[in-house]
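These notes concern the structure reproduced below.
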Amino acid sequence: MSTLEPLVRVENVSKRFPADRHAQVHAVTNVSLHIDHGETLAVVGESGCGKSTLANLIIRLHDPDEGRVLLKGVDITHLDPREIRPHRKTMQIVFQDPFASLDPRVRVGTAVIEPLKVHAIASGEEAEERAGNLFELVGLERSMLRNFPHQFSGGQRQRVCIARALALNPELVIADEAVSALDVSVQAQVMNLLLDLQQELGLSYLFISHDLAVVERIAHRVAVMYLGQVVEIGPRRAIFENPTHSYTRRLLDAVPIADPHQRRTRPLLTDEIPSPVWGRGQGPELVELIEAGPGHLVAREN
Amino acid sequence: MALLALKDLTVTFDDLTAVDSVSFTIEPGETLGVVGESGSGKSVTALSIMRLIEMGTRAKIERGQAEFTMPDGSTIDLFTQNEATMRGIRGNQIAMIFQEPLTSLNPVYPVGEQIAESLRIHERLSRKAAMARARQMFDLVRIPEADKRIRQYPHEMSGGMRQRIMIAVALCCGPRLLIADEPTTALDVTIQAQILGLIKQLQVETGTAVMLITHDMGVIAEVADRVVVMNQSKVVEQGPVDQIFHSAKEPYTQGLISAVPRLGSMAGKDDPEAFHLAGNLQ
């Protein structure tokens, strides 16, 4: 494991989707960032800011229009489906909705064993043994492997999805709003599990979330996205204790603090985020990132 | 005297008890936060107060009273009123807004007409007078470009603007109690901040009491005067917001509070930190 080369390096990646014949959604525009070994990079922003598209670009569920993604120094941007397969083991993803992520007619044990078979890592009793170990790792009982998804609660189902993501010994787990649909007590337990697993297995997380209070708890570094671009990125403490971009500050000011002693007064604003849809040949102005501190970059504002 | 005194409300769906002996009061002008996790009975409680719970479902209000103080000082039990009386209470005395404004608005009518509709029904205003009042409501809920917006359809508006429309519909007949069931849950955090600020400001301007249902302890901490904590169909604990957050007595409430990520709690700490779960989550 090289100490210099990060696990993931994203370079000037852009992705546009057709809105209609004459216009495009500029979902991700010229984003560059990296994820180090064993760290959690959180990507925060509001609906439509491009955070999930960015995750999908990294894991190659989308192909970027421009830019490239390097996994441990290897450019995976243009690998064909067969060539990308060995790299998929390194990157796994957990989605928001554990109900939609598991086949209702497949026993959860089968769901966890399937990636082991697909990647020819284990089969038969050995695969079952590994699946059982994974279940114990995520706080489920071995006997639950035979159950169907509907027999689990939402939190347990998310644990199944985490076990499945860990089956291939990945180095990066992308958690795309993975705790957002859970009740708060379950959310805290799943977040504690993610932190334990990181310690135990040395995992890196790309933690996509709209919830800044959750992100503050779990992240080592934070990237703030606005209209498809990163407007501020840096160590978690720099972002939360010294937010520099006006949008980062607005986002942090908007969070209701779970302490009645820290109530905020709300100015009566009505402004909303502009549309990311542009006509052909047009697009957003590219932000220019300048250094605000060690590892802390901020978009220049007029 | 309390605006609403709910006593011993019990609601069943066939064999399942969704709300079990729930009692609380709402004072005039105050904000009562009702907090609990999925399935704890918060929404069923709200729909029971509105007497909407038995419509088209197998739900049954088994017992309880909902004593509501009318403007003339008399009290009526909402659970014994007939449907005609309840139609006069809903909108005029108690109004409700829901989580998802898109499903609450009619997609084929301009939003201005949907505000005017309730004024024409409840206050028997003429079409013209109702539209003029609707226009005033747009200003009350701070919708910019009101003259253009009033003719738009719901699909032409953002989620935040739609929720402002729903608040305008709810407040247009001057209700004395507004029940808001997860009103900001579907909204982005900056828009949530706008809507919470708006609800607070309107409370000052109109004197309406608010029963705010939410799963979000941050929202509760920011807007509630008193809090009712629900779990598994029952009220676990209730009290002033400070007491619930800083000296909760019940293990369930203590666990809930310990599981809430509180912005700013990580200041000065370099590394991520697990939740130190308390109460019944230990």
Next on the checklist: Using only the heavy atoms of the protein chains and a 1.4 Å probe, how would B:D77, A:D65, B:D270 rank by accessible area, largest first?
Outcome noted: B:D270, A:D65, B:D77
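Let me have the relative contact order for segment B:1-61, percent, based on Cα pairs under 8 Å that are six or more residues apart. Don't skip to the end; give the middle numbers.
Details: 80 pairs, mean separation 20.9, N = 61.
Once divided by the residue count of segment B:1-61, the mean separation gives 34 percent.
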Checklist entry - segment B:121-236: D in µm²/s via Stokes-Einstein (Kirkwood Rh, Cα pairs, 37 °C, 0.692 mPa s)? => result 211
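Roughly what % antiparallel, to the nearest 5, for the DSSP beta bridges in the protein assembly as shown?
Working: 55 of 93 bridges.
Within the protein assembly as shown, antiparallel bridges account for around 60 percent of the total.
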Checklist entry - Which shape class applies to segment B:5-116: rounded if a/c is under 1.5, otherwise prolate when a/b exceeds b/c and oblate if not, where a ≥ b ≥ c are the square roots of the Cα gyration tensor eigenvalues? => result oblate
Item to check | Most mobile of B:Q194, B:Q238, B:Q203 in a GNM of chain B (Cα contacts under 10 Å) | outcome: B:Q194
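Find the relative contact order for segment B:189-282 and round it to a whole percent, using C-alpha pairs within less than 8 Å whose residues are 6+ positions apart. Let's see the in-between values first.
On the way: 73 pairs, mean separation 17.6, N = 94.
Computed value for segment B:189-282: 19 percent relative contact order.
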Item to check | Computed Kirkwood radius, in angstrom, where 1/r is averaged over Cα pairs of segment A:162-302 | outcome: 17.4
Checklist entry - Hey, what do the phi angles of segment A:278-286 turn into as Karplus ³J(HN,Hα) couplings, whole Hz, using 6.51/-1.76/1.60 and θ = phi - 60°, x for Gly and Pro? => result 10, x, 3, x, 10, x, x, 6, 6
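How do A:K51, B:K128, A:K72 stack up against each other in accessible area, from largest to smallest, with a 1.4 angstrom probe?
On the way: A:K51 20, B:K128 170, A:K72 95 Å².
Final ranking, largest accessible area leading: B:K128, A:K72, A:K51.
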Item to check | Nonlocal amide H pairs with A:D65, under 5 Å, H built at 1.01 Å | outcome: A:S14, A:K15, A:R16
Checklist outcome for this item: Computed on Cα atoms, the radius of gyration and Dmax of chain B in angstrom are 19.7, 64
Next on the checklist: Quick check: net charge around B:V34, other residues with Cβ under 11 Å of its Cβ, Lys/Arg +1 and Asp/Glu -1?
Outcome noted: 0
Checklist outcome for this item: Other residues with Cβ under 13 Å from the Cβ of A:L289 give, with Lys and Arg +1 and Asp and Glu -1, a net charge of -3
Item to check | Proximal charge balance of A:G279 [Cβ under 13 Å; K/R count +1, D/E count -1] | outcome: +2
Checklist entry - 222 nm [θ] for chain A, helices only, -39500 (n - 2.57) per DSSP H run of 4+, per residue, to 500? => result -9500 deg cm²/dmol
Checklist outcome for this item: Sorted by chain and number, the residues with a modelled amide H under 5 Å from that of B:V227, at a separation of 5 or more or across chains, are B:G33, B:G239, B:V241
Checklist outcome for this item: Between the modelled labels at B:A274 and A:L79 (7 Å from Cα along Cα→Cβ) the distance in nm is 3.4
Item to check | Anchor A:K89: lysines whose Cα lies under 16 Å away (excluding residues fewer than 8 positions away in-chain) | outcome: A:K72, A:K117
Next on the checklist: As a test, work out the antiparallel percent of DSSP beta bridges whose residues both lie in chain A, rounded to the nearest 5.
Outcome noted: 65
Checklist entry - Any idea of B:Y252's accessible area? Nearest 10 Å², probe 1.4 Å. => result 30
Next on the checklist: Could you sort A:H87, A:H296 by their accessible area in this structure, using a 1.4 Å probe and putting the largest first?
Outcome noted: A:H87, A:H296
Checklist outcome for this item: Two pseudo-spin positions, 7 Å from Cα along C-beta at A:D103 and at A:R68, lie apart in nanometres by 3.7
Checklist entry - With point charges of +1 on the Cβ of Lys and Arg and -1 on the Cβ of Asp and Glu, referenced to the Cα centre of chain A, which listed residue (A:A178, A:L41, A:G283) lies farthest in the positive direction of the dipole? => result A:A178
Checklist entry - Quick one: if the Förster radius is 51 Å, what FRET efficiency do A:H261 and A:E125 give, using the C-beta to C-beta distance and rounding to 0.05? => result 0.35
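Can you pull the Rg over Rh of segment A:83-145, Cα-only, Kirkwood?
Numbers: Rg = 12.4 Å, Rh = 12.8 Å.
That ratio is 0.97, to two decimals.
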Checklist entry - Over the protein assembly as shown, what lengths in whole Å, largest first, do the semi-axes of the equivalent ellipsoid take, defined as the square roots of 5 times the eigenvalues of the alpha-carbon gyration tensor? => result 44, 30, 22
Next on the checklist: As an exercise, find the ratio Rg/Rh for chain A from alpha-carbon atoms, using the Kirkwood inverse-distance average for Rh.
Outcome noted: 0.98
Checklist entry - Against the longest alpha carbon principal axis of chain B, how many degrees, from 0 to 90 and to the nearest 10, is the axis of helix B:127-140 turned? => result 30
Checklist entry - Which stretch or stretches of segment B:254-273 have amide N atoms under 16 Å from the point lying 7 Å from A:Q199's Cα along the Cα→Cβ direction? => result B:270-273
Item to check | Pair A:S32, B:R63: separation of 7 Å Cα→Cβ label points (nm) | outcome: 7.1
Checklist entry - Can you run phi through the Karplus equation (6.51, -1.76, 1.60; θ = phi - 60°) for segment A:129-137 and list ³J(HN,Hα) in whole Hz, with x for Gly and Pro? => result 4, 5, 4, x, 4, 5, 4, 5, 4
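By average Cβ neighbour count within 10 Å, what is the ranking of A:212-224, A:117-129, B:33-45 from highest down?
Details: A:212-224: 24.4, A:117-129: 12.9, B:33-45: 22.3.
Ranked by mean Cβ neighbours within 10 Å, highest first: A:212-224, B:33-45, A:117-129.
Return the calculated 222 nm mean residue ellipticity for chain B, to the nearest 500 deg cm²/dmol, obtained by summing -39500 (n - 2.57) across DSSP H runs with n ≥ 4 and dividing by the residue count.
Numbers: 11 runs with 102 residues, N = 282.
Mean residue ellipticity, 222 nm, calculated: -10500 deg cm²/dmol.
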Checklist entry - Residue-wise, which Karplus ³J(HN,Hα) couplings in Hz belong to segment A:248-258, taking 6.51 cos²θ - 1.76 cosθ + 1.60, θ = phi - 60°, and x for glycine or proline? => result 4, 5, 4, 4, 5, 5, 6, 6, x, 8, 6
Checklist entry - For chain A, what is the relative contact order in percent, using Cα pairs closer than 8 Å and at least 6 residues apart in sequence? => result 24
Next on the checklist: Solvent-accessible area of A:C161, probe 1.4 Å, all protein chains present, reported in Å² to the nearest ten, please.
Outcome noted: 10
Checklist entry - Taking 0.36 nm per intervening residue step and subtracting the Cα-Cα distance, what contour gain separates B:D139 from B:R120 on full extension? => result 4.9 nm
Checklist entry - Using 1/(1 + (r/R0)^6) with R0 = 35 angstrom and r between the beta carbons of B:D15 and B:H155, what's the FRET efficiency to the nearest 0.05? => result 0.30
Checklist outcome for this item: Between chains A and B, the summed loss of accessible surface on complex formation, probed at 1.4 Å and reported to the nearest 100 square angstrom, is 4400
Checklist entry - Please state the equivalent ellipsoid semi-axes for segment A:225-297: what are the square roots of 5 times the Cα gyration tensor eigenvalues, largest first, in whole Å? => result 27, 20, 8
Checklist outcome for this item: The lysines whose Cα lies under 24 Å from the Cα of B:K234, excluding any fewer than 8 residues away in the same chain, are B:K7, B:K42, B:K60, B:K249
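The values are calculated or read from the model by the stated rules, or taken from the named source; none is laboratory data. Being a predicted model, the structure only gives us computed values, none of them experimental. Neighbour counts are summed over all protein chains in view; Cβ atoms, including those assigned to glycine, are modelled from backbone coordinates with ideal geometry. Only protein heavy atoms, including side chains, enter the accessible area calculation; ligands, DNA and RNA are left aside. Shrake-Rupley method; radii C 1.70, N 1.55, O 1.52, S 1.80 Å.
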